[in-house]
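See below for the structure under consideration.
The values are calculated or read from the model by the stated rules, or taken from the named source; none is laboratory data. These figures come from a predicted structure and were not determined experimentally. Here the Cβ positions follow ideal geometry from the backbone for every residue, glycine too, while neighbour counts run over all protein chains shown.
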Amino acid sequence: MLELLNNPISTCSQKVRLTLFEKGLEFTDTRIDFRAKEHLTPEYLALNPDGVVPTLLHDGQPVLDSSVIMEYLDEVFPEVPLSPPTPLGRAKMRKWLRFIEEVPTAAIRIPSFNQVFIRHRRDLSEAELASDTEKRTLRRTFYQEMGRHGFSEARLDESLERLRETVARMDAALADNRWLTGEALTLADFCVVPTIDRMRDLGLSGLWDEQQNFTRWWAAIEARPAFARTYAQGTRVSDIYQDLKETA
Ligand SMILES: N[C@@H](CCC(=O)N[C@@H](CS)C(=O)NCC(=O)O)C(=O)O
């Protein structure tokens, strides 16, 4: 029995949702409400001390961290494989997973918070802001830096540069391959999809206007049924914050 404690609008949850849908796995979809801070309750922290989503429960046992969960699902349910069959192929895929976690996944948070999530902090009193920051177990310094007005221009520029670099690197890899690690779709492709989809949602798709290999890859990703299921109505920030539609 699989239960995913998640929020479908969160990019980290979307990585796992893509994997579950692609593999055709049934799961209990338990929604964690960020506004109600359900991810910071003692009950949730007992399962996931980082106070972040997603958390997978497999027969009641927690499995944590989105890319780890993806690999776990692929190992335990190998019927629809999403990892290369050879150790060298898997090493290549894992290198992409590390890069994606370290570079674009971290980078996309800056425009996401500056354009969207900061709205919920602007009107807090000083005491509320301090208490909200204090509660973020894993992200305390991140929230401190963000304050109530968002990250600096310099931080934003650096993040956009990292996202541009990611797209360029992917485009180069996709010149010789159909998917990121070769001729078969793997977890590496799904790991980066939520960042790319969020970029598009935030009006940043101009970063790949000229990148033909990347554009072909993105069209192939969008055509997958798992993509349509992951991005149902209400799962994008622009579904909730209507003004983003004008920039997207
Ligand atoms: N490395 C973790 C990071 C998870 C993470 O940062 N989740 C975000 C949503 S994408 C979250 O729960 N944020 C809660 C918060 O900012 O308080 C993973 O990949 O699972």
Count - residues of segment 10-53 that are away from the ligand (no atom under 12 Å from the Cβ), in a helix (DSSP H, G or I) and among the small types (G, A, S): 1
For the condition closer than 20 Å to S205 by Cβ and of a type in the set (D, E, K, R), what is the one hit in D189, D176? D189
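So that you can scan it fast, the table gives a plain yes or no per residue for (1) among the hydrophobic types (A, V, I, L, M, F, W, C); (2) more than 25 Å from Q115 (Cβ to Cβ):
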{"position": "D157", "(1), (2)": "no, no"}
{"position": "L160", "(1), (2)": "yes, no"}
{"position": "A168", "(1), (2)": "yes, no"}
{"position": "L185", "(1), (2)": "yes, yes"}
{"position": "S205", "(1), (2)": "no, no"}
{"position": "A220", "(1), (2)": "yes, yes"}
Search segment 54-63 for residues being away from the ligand (no atom under 15 Å from the Cβ) and in a strand (DSSP E or B), and hand back the single one that is surrounded by the fewest Cβ atoms within 10 Å (Cβ to Cβ). Q61
Sole miss for M1 among (1) closer than 25 Å to A228 by Cα; (2) under 13 Å from the mean Cα position of the chain (by Cα) is condition (2)
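Residue-by-condition table, conditions (1) among the aromatic types (F, W, Y); (2) in the same structural domain as A223 (by TED's automatic domain parsing):
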| residue | (1), (2) |
| --- | --- |
| Q14 | no, no |
| F21 | yes, no |
| A46 | no, no |
| L56 | no, no |
| V63 | no, no |
| M70 | no, no |
| V103 | no, yes |
